[in-house]
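Only one structure is covered here, and it is reproduced in the block below.
The values are calculated or read from the model by the stated rules, or taken from the named source; none is laboratory data. Bear in mind the structure is a predicted one, so any value in this text is a computation, not a measurement. All Cβ positions, glycine included, derive from the backbone under ideal geometry; neighbour counts span all protein chains shown. Keep in mind that these areas ignore ligands, DNA and RNA; they rest on the heavy atoms of the full protein, side chains included. Shrake-Rupley method; radii C 1.70, N 1.55, O 1.52, S 1.80 Å.
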Amino acid sequence: MKAVAVFPQQREVRVITDAPEPRIQSPTQVKVRTREVGVCGTDKEIIEFKHGAPPPGSDHLILGHECLGEVVEVGEAVKGLSRGDWVVPRVRRPCPHATCPPCRSGHPDFCITGDYTERGIKGAHGFAAESFVEDVAYLHRVPTELREVAVLTEPLTIAEKALRQLEHLQERLPWKIGPGRAVVLGAGPVGQLGAMALVRRGYATTMYSRSPKPNVKAEASEALGVPYVSSKEVRPEELVRRVGAADVIYEAAGVAKAALETLKALGPNGVCILTGVPSQEEPFDVAPVLKGVVLGNQVLLGTVNAADVDFDMALEDLRHFQARWPGQLERFICSKHTPEDFCDVVTGKKSGGIKDVIRFI
Ligand SMILES: [Zn+2]
Ligand SMILES: [Zn+2]
């Protein structure tokens with residue numbers, strides 16, 4: 001079968017045609033034919049050999065962690081899914097240690113040992129193949145009306161988990177009423193989906209991103225009713241003067257300096273949610289920023305991966321987004337790419353949309 005694989009030792013990424021067709025091996029497993037695989041910055045890090053690892057004993061890792069597929073076969077003990085259903089799989093699987101409370105209680109996204117696996121990223125093959133087999137416990141059924149956009153489920157779960165954490169955190173402010181103001185830093189797919197989730201929850205949201213207008217990301221943001229401000233043209237202090245201090249900053253840019261600079265726009269008792277993974281950057285003085293965090297009773301929240309409830313919530317939110325902004329999610333997606341295009345899409349040479357998607361079949 002055809003699959004997109006990275007060979008870390010040979011420093012190679014290529015389409016292979018001899019990947020073994022996976023078979024159902026336990027009664028709770030499901031075989032899924034892959035339809036679409038979204039690509040993101042994590043894939044870029046993997047194909048640049050900065051991140052990720054093949055399964056033990058394998059010289060390669062099949063890529064792909066954002067997936068939409070169609071059920072083609074179910075094990076005899078599978079309930080709730082049948083042939084012809086469309087599904088999205090979760091990414092992370094628990095570590096084996098009895099001493100890891102998060103993994104033992106169904107929250108591998110909070111694993112404390114680091115020995116979890118992630119399909120298409122760390123220690124387990126991904127979904128960028130013609131088909132895959134997965135336990136029914138890690139699959140979420142996609143309603144028919146969401147088939148065109150459900151490849152966005154996994155990137156949306158980042159916001160779902162973050163906003164669920166935010167609710168818990170803000171219980172520390174018992175007098176707080178209303179959601180307040182949010183600034184989203186970075187207008188890529190995670191930022192756009194995060195903005196939609198924030199708007200749905202009632203936040204007066206502003207998109208804050210590097211490129212000056214006009215550009216595709218600004219147009220997408222403004223189509224949501226979310227004003228777009230370029231960080232090249234407007235400093236965080238000026239942003240506060242224009243729209244007020246933020247109660248929440250949702251960082252989705254993966255640039256440390258930009259994230260810390262934008263903290264100047266965070267108001268007292270605010271929360272800054274960090275979802276991007278910054279690469280190595282020039283050192284700079286963080287003391288003034290940390291001073292502001294202390295004197296403002298602020299919270300810096302890092303978040304990664306997501307739990308099953310976040311996938312359920314993401315599917316519910318996608319349905320809401322489609323009703324509120326008809327056609328908008330479809331406009332995010334560019335799905336004309338083939339598996340052979342994987343590298344060019346990930347590195348931006350063949351990028352065509354806010355969210356680039358590889359189509360299988
Ligand atoms: Zn991703
Ligand atoms: Zn664990």
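Observations, loosely collected:
- Only helices (runs of 4 or more DSSP H) whose full extent lies in segment 206-313 are considered here, and the ones with at least 2 residues that are within 29 Å of Phe332 (Cα to Cα) and open to solvent by 20 Å² or more (accessible area, probe 1.4 Å) are 216-223, 236-243, 256-262.
- Condition met for Lys336 (part of a loop (DSSP other than H, G, I, E, B) and open to solvent by 80 Å² or more (accessible area, probe 1.4 Å)): no
- Looking at Asp312, Asp344, Asp356, just one residue is over 19 Å from the mean Cα position of the chain (by Cα) and acidic (Asp, Glu), and that residue is Asp344.
- Scanning segment 125-159 for residues that are open to solvent by 10 Å² or more (accessible area, probe 1.4 Å) and within 15 Å of ligand 1 (Cβ to nearest atom) yields a total of 2.
- Qualifying residue in segment 19-42 (condition: within 27 Å of Thr113 (Cβ to Cβ), within 16 Å of ligand 2 (Cβ to nearest atom) and in a strand (DSSP E or B)): no
- Positions within segment 111-120 being in contact (Cβ under 8 Å) with a residue 24 or more places away in the chain and either open to solvent by 20 Å² or more (accessible area, probe 1.4 Å) or out of contact with any strand residue (DSSP E or B) (no Cβ under 8 Å at 6 or more places or on another chain) (or both), in sequence order: Tyr116, Thr117, Arg119
- When residues of segment 43-78 are limited to those that are part of a helix (DSSP H, G or I) and open to solvent by 40 Å² or more (accessible area, probe 1.4 Å), the one farthest from ligand 2 (Cβ to nearest atom): Lys44
- Residue in segment 339-359 that is surrounded by the fewest Cβ atoms within 10 Å (Cβ to Cβ), counting only those that are in contact (Cβ under 8 Å) with a residue 60 or more places away in the chain and over 20 Å from Ala253 (Cα atoms): Glu340
- Single residue of segment 101-133 satisfying the filter (acidic (Asp, Glu) and over 12 Å from Arg90 (Cα atoms)) that is farthest from ligand 2 (Cβ to nearest atom): Glu130
- Boolean, Cys95 is within 24 Å of the chain's Cα centre (by Cα) and within 16 Å of ligand 2 (Cβ to nearest atom): yes
- Qualifying residue in segment 224-240 (condition: farther than 24 Å from Phe284 by Cα, of a type in the set (Gly, Ala, Ser) and modelled with pLDDT of 95 or more): yes
- Hey, Thr17 polar (S, T, N, Q) and either within 16 Å of ligand 1 (Cβ to nearest atom) or in contact with an Asp or Glu (Cβ under 6 Å, 6 or more places away or on another chain) (or both) or not: no
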